[in-house]
Amino acid sequence: MRIRLNHTTPVPPFEQIRAQLALHVAAGRLTPGDRLPAIRQLADELDVSTNTIARAYRELINAGIAEAAGRRGTRITAAPPVAHDVAQRSEQIEQAADRFALTASELSVTTDEALEAIIMAIRRRKDRRSTPSYTAHATEAESPT
């Protein structure tokens, strides 16, 4: 299993690692029960922080692809999302990226400007989802007696 990081892309290293591991699962190179490399080991191999690897693994766990097995490490789940779902999602995101690239090209936007715009849009959506919405409730003031 090989993981490569591209340090020239705006995609964070943890996301590059997560995506590549998910693709290894989808391609059958990682199968249910397979143990992922130890966090420290992979961090050393890729020359990144252990927190970067831990974040990638956390994202895989949240997606149902991997599970934390305590001292036994992190393993691929018994029923990871099927490869068809991963392939379909990849195709959909590729189509969305093509539409965005076409629009950016028609607007004569540079690659850096386009990437910054999409990163900011994703962050805004993420912020909206994580920010709880509060409804102000009017309360009657109790008068002291």
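Structure data summary
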| read-out | value |
| --- | --- |
| Sum of side-chain charges, Arg35 neighbourhood, beta-carbon under 13 Å (Lys, Arg +1; Asp, Glu -1) | +1 |
| Interchain or long-range residues, amide H under 5 Å from Leu30's placed H | Val25 |
| Simple label model, 7 Å out from Cα along Cβ direction - Arg40 to Val11, nm | 3.0 |
| Pair Ala27, Asp98: separation of 7 Å Cα→Cβ label points (nm) | 2.2 |
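Computed from the coordinates by the stated procedures, all read-outs in this text should not be read as laboratory data. Just so you know, these numbers come straight off a predicted model, no measurement behind them. Note: ideal-geometry Cβ built from the backbone for every residue, glycine included; neighbour counts use all protein chains shown.
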